[in-house]
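The numbers here are math on the coordinates, done by the rules we state, and not lab data. Note that the coordinates shown come from a computational prediction; the quantities given were computed from them, not determined experimentally. Methodologically, a virtual Cβ is constructed for each residue, glycine included, from the backbone with ideal geometry; neighbour enumeration extends over all protein chains shown.
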Ligand code: MF3
Ligand code: CO
C-alpha cells in the first residue's frame, strides 16, 4: 500500500533528511586512509544521538550496525569492521535516520586517498544516474520512467545495474510501497502522485550485474569481483517537482 504524505509530513521527513545529509558531510571530512568502517559507524551513531535521532538500520531484521559500509566489490549491506581503509579504496556508507518518528534514507560513495580512473568514473556515473532518475520523479510520470532513465545512462557508460536491491517508498517505516527498480521500461509501473516519498538508490558495477551474498547473510558482493558504488536520496513528489529531502 502506498502512503501519501502531507506537506507537514514531508517537512518532518525533510528535517530527518537534512540531519542525514549533515552526517554525510561530516563523514566526508573524516574518511582517510587508516580509519576503519567501524570507527565511522561509531561516529554516525554518536552524531545521530547528539542530534536527537536514532539509526533505524540497527536491529532492523537483525542487522547489527547503524550503517552499511560497502568497500570496493561490496555492493551493499557490508558490515562495518576494524580493518583500516587504504588509499585506492572506495566505500559506500548507507544509513537510515529516524527523527521524531520520521525516516530518511541516503547512501553515498566516498574515495579513500587516490583512487583509480575506473573507480572515479564508476562513482561519477552512479551519482549522475541517480540525478537522472530524480529528474523523472514528477507527477504524472511512472516508476518505470525513473528506472529506464537510470538503466539507459548506466549501460551507455559501460556499467551494469544491480537488480536484486531496489528503491522503495519510505515514511514512518523503512520499506513501503512502491518498489523502485533501477532498470525497466518507460511508461510502466505505478503512477507518480503528489505526496509520494521514495528512495532512488542505484547500485552500478564496472563488471557484470550479478550478486553473491557472504556467509554473514548480509554482505552483497559483485559475483565477478568488479567494483560497485551506490548513491541514494530520499525524494518527495511535489507540485513543484522532485524535492530531494537528503540533499547535501
Ligand atoms: N538503507 C538501506 C535501504 O535502502 C539498507 C537497509 S538494510 C538494513 O533499504 F538492514 F541495513 F537496514
Ligand atoms: Co533505501
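Tabulated data for the structure shown
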| quantity | calculated |
| --- | --- |
| Residue 65 vs. criteria surrounded by fewer than 21 Cβ atoms within 10 Å (Cβ to Cβ), closer than 28 Å to residue 223 by Cβ and within 11 Å of ligand 1 (Cβ to nearest atom) | no |
| Set 187, 167, 195, 171: member being under 24 Å from residue 97 (Cβ atoms), touching a residue at least 24 places away in the same chain (Cβ under 8 Å) and away from ligand 2 (no atom under 16 Å from the Cβ) | 195 |
| Contacts under 9 angstrom Cβ, first residue in the stretch 91-108 being farther than 17 Å from residue 60 by Cα, partner near ligand 2 (Cβ under 8 Å from one of its atoms), 6 or more apart | 92/107; 92/232; 108/94; 108/232 |
| Elements of type strands (runs of 3 or more DSSP E) in the stretch 166-248, at least 1 residues being touching a helix residue (DSSP H, G or I) at 6+ places or on another chain (Cβ under 9 Å) and surrounded by 17 or more Cβ atoms within 10 Å (Cβ to Cβ) | 167-169, 176-180, 197-200, 203-205, 228-230, 233-238, 241-244 |
| Number of positions in the stretch 84-110 that are surrounded by fewer than 20 Cβ atoms within 10 Å (Cβ to Cβ) and out of contact with any strand residue (DSSP E or B) (no Cβ under 6 Å at 6 or more places or on another chain) | 5 |
| Matching option when the condition is away from ligand 1 (no atom under 16 Å from the Cβ) and under 15 Å from the mean Cα position of the chain (by Cα), among 131, 153 | 131 |
| Test: residue in the stretch 144-157 that is buried (at least 19 other Cβ atoms within 10 Å of the Cβ) and under 30 Å from residue 64 (Cα atoms) | no |
| The stretch 207-233 residues that are at positive phi, paired with ones that are surrounded by 20 or more Cβ atoms within 10 Å (Cβ to Cβ) (beta carbon under 8 Å, 6 or more apart) | 225/73 |
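Yes/no matrix, rows are residues, columns are (1) farther than 27 Å from residue 215 by Cβ; (2) more than 18 Å from the chain's Cα centre (by Cα); (3) not in a loop (DSSP other than H, G, I, E, B):
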{"site": "43", "(1), (2), (3)": "yes, yes, yes"}
{"site": "47", "(1), (2), (3)": "yes, yes, yes"}
{"site": "66", "(1), (2), (3)": "no, no, no"}
{"site": "69", "(1), (2), (3)": "no, no, yes"}
{"site": "78", "(1), (2), (3)": "no, no, no"}
{"site": "82", "(1), (2), (3)": "no, yes, no"}
{"site": "87", "(1), (2), (3)": "yes, yes, no"}
{"site": "95", "(1), (2), (3)": "no, no, yes"}
{"site": "98", "(1), (2), (3)": "yes, no, yes"}
